[in-house]
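Below is one structure; the comments refer to it alone.
The values are calculated or read from the model by the stated rules, or taken from the named source; none is laboratory data. What you see is a predicted model; the values in this text were computed from it and never measured. Note that we place each Cβ from the backbone using ideal geometry, even for glycine, and neighbour counts take in every protein chain shown.
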Amino acid sequence: MTNAGWKAVLFDLDGTLANTIELILRSFRHTMRTHLGEVPPDERFLETIGIPLPTQLRGFARDEAEAELMRLTYVAYEREVHDEMVAPFPHAASVLSALRRSGTRLAVVTSKHTRVAR
């Protein structure tokens, strides 16, 4: 694989290198059920993917305090089920290896906490 003259390539973690969409939705549903007693349509949350979690949750919470409680619930649940639900997309590792061999510098960008991202 040639690097087409690129010095570096940045990859988003969620939905690009790792199949995390179902984890995100499951964590969202759990959080909404816990705090609101109901689950809004997935589409309402999907359209906010990429925005930092605290900002996303403010759109569903009644106030800042509830948004923070929602964030804590979401993060705890996500950590609990993360390893059983997340896997790299097929060929992600081979693409990264080929780019690295070509001399391209690589980085992963995400708004996830470091422990979860690693």
Inter-residue pairs, beta-carbon under 6 Å, first buried (at least 16 other Cβ atoms within 10 Å of the Cβ) and in the range 55-74, second β-branched (Val, Ile, Thr), 6+ apart
56/48; 70/31; 73/31; 73/34; 74/31
Those residues that are touching a strand residue (DSSP E or B) at 6+ places or on another chain (Cβ under 8 Å) and surrounded by 13 or more Cβ atoms within 10 Å (Cβ to Cβ), I need them from the range 75-87; list them, please.
86
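Evaluate the following for residue 66: is it under 23 Å from residue 114 (Cα atoms), acidic (Asp, Glu) and not in a loop (DSSP other than H, G, I, E, B)?
Values: under 23 Å from residue 114 (Cα atoms): no; acidic (Asp, Glu): yes; not in a loop (DSSP other than H, G, I, E, B): yes.
Judged against the criteria, residue 66 is not a match.
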Criterion violated by residue 18 - all others in (1) over 11 Å from the mean Cα position of the chain (by Cα); (2) buried (at least 16 other Cβ atoms within 10 Å of the Cβ) satisfied
(1)
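Inside the range 96-107, can you point out the residues that are surrounded by 16 or more Cβ atoms within 10 Å (Cβ to Cβ) and either at pLDDT below 90 or assigned to a helix (DSSP H, G or I) (or both)? Explain how you work it out, then say what you get.
The initial filter retains those residues of the range 96-107 that are surrounded by 16 or more Cβ atoms within 10 Å (Cβ to Cβ), namely 96, 99, 104.
Residues satisfying the conditions are 96, 99.
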Does at least one position in the range 32-48 carry a residue that is modelled with pLDDT under 95, under 15 Å from the mean Cα position of the chain (by Cα) and in a loop (DSSP other than H, G, I, E, B)?
yes
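Residue 8: exposed (fewer than 13 other Cβ atoms within 10 Å of the Cβ), among the aliphatic types (A, V, I, L, M) and either touching a residue at least 12 places away in the same chain (Cβ under 8 Å) or closer than 16 Å to residue 70 by Cα (or both), yes or no? Spell out the reasoning first.
Values: exposed (fewer than 13 other Cβ atoms within 10 Å of the Cβ): yes; among the aliphatic types (A, V, I, L, M): yes; either touching a residue at least 12 places away in the same chain (Cβ under 8 Å) or closer than 16 Å to residue 70 by Cα (or both): yes.
Yes.
Counting only residues that are of a type in the set (Asp, Glu) and under 12 Å from residue 50 (Cα atoms), how many does the range 6-26 have? I'd like the intermediate steps shown before the answer.
At the first step, the residues of the range 6-26 found to be of a type in the set (Asp, Glu) are 12, 14, 22.
Retained after the next criterion (residues that are under 12 Å from residue 50 (Cα atoms)): 12, 14.
Residues meeting the conditions: 2.
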For residue 93, only one of the following conditions fails: (1) part of a helix (DSSP H, G or I); (2) farther than 11 Å from residue 18 by Cα; (3) not basic (Lys, Arg). What is its number?
(2)
So for the range 11-20 (the condition being under 15 Å from residue 74 (Cβ atoms) and of a type outside the set (Phe, Trp, Tyr)), does at least one residue qualify?
yes
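Right, residue 17: under 23 Å from residue 109 (Cβ atoms) and modelled with pLDDT under 95 or not? Explain how you work it out, then say what you get.
On the way: under 23 Å from residue 109 (Cβ atoms): yes; modelled with pLDDT under 95: yes.
Criteria met by residue 17.
Kindly indicate whether residue 2 is touching a Ser or Thr at 6+ places or on another chain (Cβ under 7 Å), farther than 21 Å from residue 113 by Cα, exposed (fewer than 15 other Cβ atoms within 10 Å of the Cβ) and modelled with pLDDT under 95.
Numbers: touching a Ser or Thr at 6+ places or on another chain (Cβ under 7 Å): yes; farther than 21 Å from residue 113 by Cα: yes; exposed (fewer than 15 other Cβ atoms within 10 Å of the Cβ): yes; modelled with pLDDT under 95: yes.
For residue 2, the condition - touching a Ser or Thr at 6+ places or on another chain (Cβ under 7 Å), farther than 21 Å from residue 113 by Cα, exposed (fewer than 15 other Cβ atoms within 10 Å of the Cβ) and modelled with pLDDT under 95 - is met.
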